[in-house]
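Note sheet for the following structure.
The values are calculated or read from the model by the stated rules, or taken from the named source; none is laboratory data. Everything numeric in this text was worked out from a predicted model, so none of it was measured. Note: ideal-geometry Cβ built from the backbone for every residue, glycine included; neighbour counts use all protein chains shown. Keep in mind that these areas ignore ligands, DNA and RNA; they rest on the heavy atoms of the full protein, side chains included. Shrake-Rupley method; radii C 1.70, N 1.55, O 1.52, S 1.80 Å.
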Amino acid sequence: MSKNEPLLLTDVRNRTLRLTGERWGHILSHPEHDDSARDRIEETVADPDCIVRSRTDPSVELFYRHYGRTPVTSKHLCVVAKIKTDAPFIITAYFTDAVKQGEELWSRPSAP
């Protein structure tokens with residue numbers, strides 16, 4: 001990915017999210033991310049376990065997907081995206097132990 005051309009990802013709700021080179025550099029500055037970071041980010045926005053609205057910024061959504069094995073043990077990947085803008089974009093991504101509280105906007109349908 002170059003700094004000039006963002007990676008375009010499609011989320012589970014069929015919205016296009018930009019991942020810019022600048023934001024990608026920020027994400028890779030987190031020591032817990034490894035070579036699988038890009039694939040996990042793509043998978044998390046396309047097939048999350050749930051999406052939660054940020055309690056501090058209603059224009060931001062948090063995409064969560066649990067991974068049993070990560071560089072930092074079993075964790076949820078949280079991909080943070082600014083949605084309510086003309087050009088939605090990914091802000092950051094990080095591993096966490098728990099899904100944050102907030103309005104649940106979408107969740108994976110349960111198996112029958």
Output for Cβ contacts, cut-off 8 Å, separation at least six or different chains, first residue without any contact (Cβ under 8 Å) to a residue 24 or more places away in the chain and open to solvent by 60 Å² or more (accessible area, probe 1.4 Å) in the stretch 68-85, second β-branched (Val, Ile, Thr) and not in a strand (DSSP E or B), reads none
Note to self: Residue under question is SER54, and the condition is that it be in contact with a strand residue (DSSP E or B) (Cβ under 7 Å, 6 or more places away or on another chain) and surrounded by 12 or more Cβ atoms within 10 Å (Cβ to Cβ); does it hold?
What the structure shows: yes
Taking the stretch 1-24 and keeping residues under 13 Å from VAL45 (Cα atoms) and surrounded by fewer than 11 Cβ atoms within 10 Å (Cβ to Cβ) leaves LEU8, ASN14
Among ILE90, ILE27, ILE41, the single one that is in a strand (DSSP E or B) and surrounded by 15 or more Cβ atoms within 10 Å (Cβ to Cβ) is ILE90
When the stretch 90-112 is checked residue by residue, the ones that are hydrophobic (A, V, I, L, M, F, W, C) and either farther than 21 Å from GLY21 by Cβ or over 10 Å from the mean Cα position of the chain (by Cα) (or both) are PHE95, ALA98, VAL99, LEU105, TRP106, ALA111
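Report whether or not ARG65 is open to solvent by 10 Å² or more (accessible area, probe 1.4 Å), touching a helix residue (DSSP H, G or I) at 6+ places or on another chain (Cβ under 9 Å) and closer than 14 Å to LEU17 by Cβ. Give the steps one after another, and end with the answer.
Working: open to solvent by 10 Å² or more (accessible area, probe 1.4 Å): yes; touching a helix residue (DSSP H, G or I) at 6+ places or on another chain (Cβ under 9 Å): yes; closer than 14 Å to LEU17 by Cβ: no.
Here the answer is no, as ARG65 does not meet what is asked.
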